[in-house]
Amino acid sequence: MKFIQYYLDCLSHASYLIADETTGRAVVVDPQRDVAEYLADAKDMGYTIELVIETHFHADFLSGHLELARASGAKIVYSSVAETEFVSMGVADGERYSLGEVTLEFRHTPGHTPESMSIVVYEHPGDAVPYGVLTGDALFIGDVGRPDLLASIGFTREELAEKLYDSLHTKLMTLPDATRVYPAHGAGSACGKNLSTDLWSTIGEQKETNYALRAADKSTFMNLVTEGQPPAPSYFVYDAILNRKDRELLDETKMPTAMTYDQMRNALSAGAILIDGRGPEEFALGHLRQAVNIGLEGRYAEFAGSVVPSVVDIVLFTEPGQELEGKNRLARIGFDRVIGYVDKPFEVMLEHRDDVQIASRLTAQAFDQRAADVPDLQIVDVRNPGEVAAGTIPNAIAIPVGQLPSRLKGLDPTLPTVVYCAGGYRSSVAASLLRRNGFADVSDILGGYGAWESVHQSA
């Protein structure tokens, strides 16, 4: 058997290629939308991808099932509970599929979503202990899938939490302890609150260490997994719905259109949003007015999906050579309305210096001085609730960065404002968004809450 785990750090997303080396028959599970790597690996190793298997309708990314099926001729597989607008094959609970010696067993594991399923992988059909189980978002390393993401489209978190408990205890924990666990996500994903940085584990280890699996009873479990979840990015429902649909395919080789300064400004006047993909430090030194700073070196697509509506056109500002990466990373969450990028960006800024502004970034000490000098200073903490609960700057207004667009009316644009997060990435996103929405005096804190806390601990 050939078993390959692919891990996409910027979305904390794991996908898999499984092949029978004797027959050359292969499947891909939970692919990302840009599928060139799977195709290249299968070609290099002489495998034929015959199934594209989805563990559920993903909410945090737009899956590549349609792209991979078109490119390889593979069939798309979901749980038989799932309903899709494209042609797909439904598999029943307990159904097996042979690739030769390598055998897959599908187990329905609803809870994270109603149609969730897990895939038990056997190197040989008669093995007493499976090689592993691909758990999708039902079971993570250190956590379980959050049951509240579908609450807004017809399911309560309590209903799904109850299903999840039953799935874990009757379908997954019944596997031998030595069975390896391979989830669809790792640390940093908003699909859970306590995900490990480990990319795999075993059933036995999870029984011993996973807080949710150690719950004394169903009621305790339901309380544990429905409380303290990070806010779901606003694009999650959009992607969960789009993953069911027959949609446009991504051409990951196609460059976005180069735009002049005037073309960019006309697009922005018509409602487009300019996303500057440079890091916060470079952005602060000089950027075009109205730009929202979402750095490519971070969780670019996730934060773009949190603060940019899915229904607007997007213009990119990147370091030269990163335009295609910016377009494709947005496409991974279904944000396909990239209408172009600013051509020769630094020449544009030099030629239009009157349209360039710098961003104020304060050290922790400079922030303290500003807070002392400005009695009506508006302080905004854009971290998640769990982070805020562990400590915050006095008088700060807590608004997670993903909720900022919908809660702007709760802030006063006429007041001097300072934004902070944990380290400086999210605060640059938030500060640039506030400036774009008419907040004239906005700064963020270099090093975030950690820097401020260090100063005050040593004081």
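Numbers for the structure displayed
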item	result
Count of the stretch 130-163 residues which are in a strand (DSSP E or B) and either of a type in the set (S, T, N, Q) or open to solvent by 60 Å² or more (accessible area, probe 1.4 Å) (or both)	1
Selection count, the stretch 35-63, where residues are of a type outside the set (Gly, Ala, Ser) and open to solvent by 20 Å² or more (accessible area, probe 1.4 Å)	9
Some residue of the stretch 359-367 being assigned to a helix (DSSP H, G or I), modelled with pLDDT of 95 or more, out of contact with any Ser or Thr (no Cβ under 6 Å at 6 or more places or on another chain) and within 21 Å of ASN243 (Cα to Cα)	no
Given (1) open to solvent by less than 10 Å² (accessible area, probe 1.4 Å); (2) without any contact (Cβ under 8 Å) to a residue 40 or more places away in the chain; (3) part of a helix (DSSP H, G or I), index of the condition LEU17 fails	(3)
Tabulated pairs, the stretch 99-115, first in contact (Cβ under 8 Å) with a residue 40 or more places away in the chain, second aromatic (Phe, Trp, Tyr) and in a loop (DSSP other than H, G, I, E, B), C-beta under 7 angstrom, 6+ apart or interchain	THR113/PHE57; PRO114/PHE155; GLU115/PHE57
Subset of the stretch 262-301 that is among the charged types (D, E, K, R) and within 15 Å of LEU433 (Cβ to Cβ) - its residue that is most open to solvent (accessible area, probe 1.4 Å)	ARG289
From the options PRO114, PRO130, residue that is farther than 15 Å from PRO183 by Cα and within 24 Å of the chain's Cα centre (by Cα)	PRO114
Search result, residues across the stretch 395-450 that are open to solvent by less than 40 Å² (accessible area, probe 1.4 Å) and assigned to a strand (DSSP E or B)	THR417, VAL418, VAL419, TYR420, VAL442, SER443, ASP444, ILE445
Residue in the stretch 341-394 that is farthest from THR260 (Cα to Cα), counting only those that are open to solvent by 60 Å² or more (accessible area, probe 1.4 Å) and β-branched (Val, Ile, Thr)	THR363
Subset of the stretch 197-215 (residues that are assigned to a loop (DSSP other than H, G, I, E, B), closer than 21 Å to PRO130 by Cβ and open to solvent by less than 30 Å² (accessible area, probe 1.4 Å))	ASN210, LEU213
Counted residues, the stretch 228-261 - those being at pLDDT below 95, open to solvent by less than 50 Å² (accessible area, probe 1.4 Å) and in a loop (DSSP other than H, G, I, E, B)	5
Residue among ASN223, ASN243 that alone is without any contact (Cβ under 8 Å) to a residue 40 or more places away in the chain and not acidic (Asp, Glu)	ASN223
Unique match (being at pLDDT 95 or above and not in a loop (DSSP other than H, G, I, E, B)) among ASP93, ASP177, ASP166, ASP127	ASP166
Residue check for SER306: part of a loop (DSSP other than H, G, I, E, B), under 25 Å from the mean Cα position of the chain (by Cα) and either within 20 Å of LEU11 (Cβ to Cβ) or outside the structural domain of VAL87 (by the TED database) (or both)	no
Candidates SER63, SER88 - the one that is among the polar types (S, T, N, Q) and either closer than 18 Å to SER167 by Cβ or without any contact (Cβ under 8 Å) to a residue 40 or more places away in the chain (or both)	SER88
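The values are calculated or read from the model by the stated rules, or taken from the named source; none is laboratory data. This structure is a prediction, so every number in the text was calculated from the model and none was measured. Glycine also receives a Cβ, built like all others from the backbone with ideal geometry; neighbour counts cover every protein chain displayed. Each accessible area value is taken on the protein alone, full model and side chains, heavy atoms only, with ligands, DNA and RNA left out. Shrake-Rupley method; radii C 1.70, N 1.55, O 1.52, S 1.80 Å.
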